[in-house]
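S.K.: Attaching a single structure in structure tokens format; questions to follow.
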Amino acid sequence: MTAIDAHRTIDAIWRIESTRLIAGLARMVRDVGLAEDLAQDALLIALEKWPETGIPDKPGAWLMAAAKRRAIDQMRRKKRLERKYEELGRESESNVEPSEFDAVLEGDIGDDILRLIFTTCHPILSSDARVALTLRLLGGLTTQEIARAFLVPEPTVAQRIVRAKRTLAEARVPFEMPEGADREARLASVLEVIYLMFNEGYVATSGGSWLKPTLCFEALRLGRILAAAAPDEPEVHGLVALMEIQSSRFKARVGPTGEPILLMDQNRGQWDHLLIRRGLAALERAEKLGRPFGPYALQAAIAACHARAGTAGETNWIRIAALYDALSRVAPSPVVEINRAVALSMAFGPEVGLEVVDALAAEPSLKEYPLLPGVRGDLLAKLGRNEEASGEFLRAAELTRNERERGILLKRAAECGGYDEIPDSEEKQS
């Protein structure tokens, strides 16, 4: 194996193993920043040794052993110098000696990953910091990759990650599964981060690409991990179901040159039916738990309506409108109302949807949101009010920061008339 091949293999192994490695180390050292440093040290050792010795049979165990040795070295140094170590130690009954590290490592790795997710998504951090730290530690993305995905400078992302680690350390956020009401509150934060991550990949806020698949796949991977570790949480299964079904449309959502293809125009034969089946199964798991659907499960149920329709014309828009009514009660927001307007227009006519959209005209949070004029333009076009529709499409084009979306809107403004297509509005919730 050449050095280049070895490095590529090591990179692939790191992508697979890094989350479990950092999670296991964080449980021991109770500091996610230190855990990542130890894991990175193990990676550097692997990059030095494996091209010469070959890839070990169990690379994950090798990396953990290397990181453990680094941790023990640090602990011994601290113990020699300070007689008491805080970073790797435990007080009283929780104190861990070097000889006990193997026993500590035998814990359930699923629980470790779950603890790490709840730590990186702690509400003490800003939303931007939570997303960046989660992508770094659990998604395995580099700082450069995160910066490229969100179109922000690399130093900005690096600063967010450093500050997030420091904030968690200074606040002494425990590396543990929260209980009771605290767990419920923290779970909402975890789901929000994964959801934001997936949404940004599914319809990029800005830039020249309509999709950012890497973000979607990382969000889906984290969702699957969370579902396996927390099987009794219906909203976790709901979010996974939503992401599985939405991910099934990737191939059909862009044309040969990367241009967006909207939901009603997609070739459903290109949808990934394995992902659809996985999504429907996840939704069924949420249903079997017997609790009322929350916002993610409701959105998954809406996505399932599209997935079950063989053609656009077979879509059960009346059921979708009813589900949006339920969503607006469970998680009311102006964006949900826009999506509800789209569903109502498809079920009962564009004038019904337009009435809902017009009621949102004075909503401050939608002032710079391109989806509102985009949907209004579509409804006006269907009603034959072409001049007004063109103006709305042009306004939406001015507001969007995504070049691909701008192209669609300008085309609609030019062609403005009676169209059957609808914006991809219900596929992106905020």
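S.K.: Report, by chain and number, residues whose modeled amide H sits under 5 Å from the one on Val254, excluding near sequence neighbours (fewer than 5 apart, same chain).
M.R.: Sorted by chain and number, the residues that satisfy this are Ile261.
S.K.: Between their Cα atoms, which of Lys49/Lys251; Lys68/Lys165; Lys165/Lys367 are more than 29 Å away from each other?
M.R.: Lys49/Lys251; Lys165/Lys367
S.K.: Provide the per-residue ³J(HN,Hα) series for region 36-46, in order, calculated from phi with Karplus coefficients 6.51, -1.76, 1.60 and θ = phi - 60°, each as a whole number of Hz, with x at glycine and proline positions.
M.R.: Listing the rounded values in order: 5, 4, 5, 5, 5, 4, 5, 4, 4, 5, 5 Hz.
S.K.: On to the next question. Quick one: order Trp317, Trp50 by neighbouring beta-carbon count within 10 Å, fewest to most.
M.R.: Fewest to most other Cβ atoms nearby, the residues stand as Trp317, Trp50.
S.K.: Taking the chain, how much of its Cα-Cα pair set, in percent, is spaced more than 33 angstrom apart?
M.R.: 41
S.K.: Translational diffusion coefficient of region 330-427 at 25 °C, 0.890 mPa s, Stokes-Einstein with Kirkwood Rh over Cα pairs, in µm²/s as a whole number.
M.R.: It diffuses with D of about 188 µm²/s by this estimate.
S.K.: What does the charge count near Gln270 come to, summing +1 for each Lys or Arg and -1 for each Asp or Glu among other residues with Cβ under 11 Å from its Cβ?
M.R.: Details: positive: Arg249, Lys251, Arg253, Arg268; negative: Asp272.
Taking every other residue near Gln270 into account, the sum is +3.
S.K.: In addition: Considering every Cα-Cα pair within region 277-326, what fraction, in whole percent, is farther apart than 18 Å?
M.R.: Counting every Cα pair in region 277-326, those more than 18 Å apart make up 31 percent.
S.K.: While we're here: For the chain, what is the mean residue ellipticity at 222 nm derived from helices alone (per DSSP H run of n ≥ 4: -39500 (n - 2.57); sum divided by total residues; nearest 500 deg cm²/dmol)?
M.R.: Per the formula, -22000 deg cm²/dmol.
S.K.: Using the Karplus curve 6.51 cos²θ - 1.76 cosθ + 1.60 with θ = phi - 60°, what ³J(HN,Hα) values do you get for each residue of region 65-73, in whole Hz, with x for Gly and Pro?
M.R.: Once rounded to whole Hz, the list reads 5, 5, 5, 4, 4, 4, 5, 5, 4.
S.K.: Can you list the HN-Hα couplings for region 132-147, worked out from phi with the Karplus curve (6.51, -1.76, 1.60; θ = phi - 60°), rounded to whole Hz and with x for Gly and Pro?
M.R.: Whole-Hz 3J(HN,Hα) from phi for region 132-147: 4, 5, 5, 5, 6, 8, 9, x, x, 7, 6, 4, 5, 5, 5, 4.
S.K.: Shifting gears a bit: Helix 334-348 sits at what angle to the longest principal axis of the chain, using alpha carbons and giving 0 to 90 degrees rounded to 10?
M.R.: Taking the Cα atoms of the chain, the angle to 334-348 is about 40 degrees.
Taken together, the values in this text are just the output of simple stated rules run on the coordinates, not laboratory data. These numbers come from a predicted model, not from an experiment. Positions of Cβ are backbone-derived with ideal geometry, glycine not excepted, and every protein chain shown enters the neighbour counts.
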